Amino acid sequence: MIHLDGISKIYDNGCVALSDVTVDIPKGDFVFVVGPSGAGKSTFIKLLFREELPTKGKLIVNGRNVGELQSAEVPYLRRNLGIIFQDYRLLPNKTVYENVAFAMQVIEASRREIKRRVIHVLDLVGLRHKAGSFPGELSGGEQQRIAIARAIVNNPVVVIADEPTGNLDPETSWEIMKIFSRINKGGTTIVMATHDKTVVDAMKKRVIAIESGNVARDEVKGVYGYED
Amino acid sequence: MKVVMLLGMRSKGYTVMKIRTGEYFIKEAFRSLKRNGLMSFASISTVALSLLILGIFLIMVLNLNNMASNLESQVQISVYLQDGLSDVEMREIGTRITKLPGVNQVLFVDKEEALKRFKQRLGEQQSILQALDGTNPLPNAFEVKMDRPEGVKPVAQAISQLKGVENAKFGQEIVEQLFALTKMMRIFGVVLIGFLALAALFIISNTIRLTVFARRKEIGIMKYVGATDWFIRWPFLLEGIILGFGGALAAVILLNQTYGALIHQVYESLAFLPLIPQYPFITHISIILLIIGTVIGALGSTISLRKFMQV
């Protein structure tokens, strides 16, 4: 599903974020990407949805060679990815329903299809009853669940999450992780950058640790392994 | 180059627009127009003012050109005779004119005939002639028709040398002055319009920039969920086009009314001034202005999109 082959990323200012990283993530995997701040986790995540381009190496995501993608093809890569951020990124002036539907509108899905899918994913994150609320009326955990609903509404093959529980308390984080588990059980690949030791240790999933631009560890049922 | 970009919108990555999507674009564009009400108004006013001035210039230059070429194509010399000549003397002058090269026809117009024609031209304003107290100030004259316009000038000069001739008038003197005037106006107009177009472009691109800024979060999300660049651009482009077209429309309506009133006025009081009739003249100018307004609007938003959105 995701294949990094000798990937390096050097920013314009000369900062080496990743150097010669080779990782293979098969379909259906659940992967935590961990490591100290500034080690290259964020770059790793951003490469996957082509927010950044690799300087060197070959990166395949869902059968597409990301490094050689024309900019006009990028939207089609992203339609198969669900992207989730630490700060939720919901639109405050749209209702919960509209926020989730928006992701389908912009790829020109039919109105009936939108309605069916939005209700389905709101059910999946347990917030169907909040469909008419505005993000400002929801708790952080609820907002993140809406963001997850939006990320999966287009049936992505990979969900990419950058610190999704970074702003949440442990209990809420745990609820969020249960949702991710459920999504993963449906066959969706999940790649998650996180600082959350409790979550990583409890989930017993694959852990890729990145330190100063290199893969320091890659364990099938790994642990967080840092003290922060 | 920007225009090429606009035309290239059906290229790669652009799927056929659905009606519902079109609805969405239009709704979004009008929402932004409303949100930036003051800026939208300023943009439309600037475009309207710029195009109004452009329109006025076009109308003036085209009318002057029209007058000039009307006069230029005239192959007629009006020869005014001194008062108090005998019939023999006048006939003698007529014969001499007939013998000049290129002269096709010589027609005698006596004082009375001239006055009758003048009355006709004045139409409803004949009453001003009452001031003449029944005297006739118009001279006897010859109307000399030439084969070709080129010969007019030397023949007119020759005629004016003849004894008994007061003067010989032909259109080309005025033509040259008119052409010089229109040339000057054209240069001045182009410079002025250049500045005004830049101002309109600037204010539209600023308005669109505000919209882009107000919606940067939305744009970011659209990009992450896989909206194509053109899907993101359309509402902004549409907003710019509406601003440009709206301004042009205001200018067009104003010009139409004004020119209509002007023509009416001129026909009433200055019937001899050959203005170009309102239709289809103003229709053509309106189409030109509407196209220019739309292009300015589209360009303005394209500039902003390139600079501030990077999509």
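The values are calculated or read from the model by the stated rules, or taken from the named source; none is laboratory data. Remember, predicted model here, so these are calculated numbers, not experimental data. Cβ: placed from backbone, ideal geometry, glycine included. Neighbour counts: every protein chain shown.
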Across the range B:9-34, what is the total count of residues that are within 8 Å of another protein chain (Cβ to nearest Cβ) and at pLDDT 50 or above? 4
Give me the residue from the range A:32-42 that is buried (at least 20 other Cβ atoms within 10 Å of the Cβ) and within 13 Å of the chain's Cα centre (by Cα) and, out of that set, nearest to A:Val74 (Cα to Cα). A:Lys41
Condition met for A:Ile84 (surrounded by fewer than 16 Cβ atoms within 10 Å (Cβ to Cβ) and modelled with pLDDT of 95 or more): no
Do we find that B:Thr294 is among the polar types (S, T, N, Q) and crowded, with 22+ Cβ neighbours inside 10 Å in this structure? no
I'm told A:Glu51 meets every condition in (1) within 30 Å of A:Ser181 (Cα to Cα); (2) assigned to a strand (DSSP E or B) except one. Can you identify the failing condition by its number? (2)
Restricting to the range B:220-232, give me the number of residues that are aliphatic (A, V, I, L, M) and over 19 Å from A:Ala149 (Cα atoms). 1
Condition first: of a type in the set (D, E, K, R), in the same structural domain as B:Ile56 (by TED's automatic domain parsing) and over 28 Å from A:Leu90 (Cβ atoms). Can you find one or more residues in the range B:184-196 that meet it? yes
So which residues in the range A:137-180 are surrounded by fewer than 16 Cβ atoms within 10 Å (Cβ to Cβ) and within 14 Å of another protein chain (Cβ to nearest Cβ)? A:Asn155
If we keep just the residues of the range A:95-142 that are β-branched (Val, Ile, Thr) and without any contact (Cβ under 8 Å) to a residue 40 or more places away in the chain, which is nearest to A:Ser173 (Cα to Cα)? A:Val121
Cβ contacts < 6 Å: first residue without any contact (Cβ under 8 Å) to a residue 12 or more places away in the chain and assigned by TED's automatic domain parsing to the domain that holds B:Ala29, restricted to the range B:210-239; second residue of a type in the set (D, E, K, R) and buried (at least 21 other Cβ atoms within 10 Å of the Cβ), any location; separation 6+ or different chain. Result? B:Gly226/A:Arg78
List pairs: first residue in the range A:188-216 and under 17 Å from A:Asp24 (Cβ atoms), second residue basic (Lys, Arg) and in a helix (DSSP H, G or I) anywhere in the structure, Cβ distance under 6 angstrom, at least six positions apart or on different chains. A:Ile210/A:Lys41
Does the range B:189-200 hold any residues that are touching a residue at least 24 places away in the same chain (Cβ under 8 Å) and either exposed (fewer than 13 other Cβ atoms within 10 Å of the Cβ) or more than 13 Å from B:Leu49 (Cα to Cα) (or both), and which are they? B:Gly189
Check B:Leu62, B:Leu49, B:Leu38, B:Leu58 and return the single one that is closer than 30 Å to B:Arg209 by Cα, assigned by TED's automatic domain parsing to the domain that holds B:Thr294 and in contact (Cβ under 8 Å) with a residue 24 or more places away in the chain. B:Leu49
Qualifying residues in the range A:71-110 (those that are among the small types (Gly, Ala, Ser) and assigned to a loop (DSSP other than H, G, I, E, B)) - the one nearest to the other protein chains (Cβ to nearest Cβ): A:Ser110
The listed residue being away from chain A (no Cβ under 14 Å), at pLDDT below 85 and surrounded by 15 or more Cβ atoms within 10 Å (Cβ to Cβ), out of B:Leu51, B:Leu71, B:Leu62, B:Leu81: B:Leu71
Output the residue which, of all residues in the range B:217-244 that are small (Gly, Ala, Ser) and assigned to a helix (DSSP H, G or I), is nearest to the other protein chains (Cβ to nearest Cβ). B:Gly220
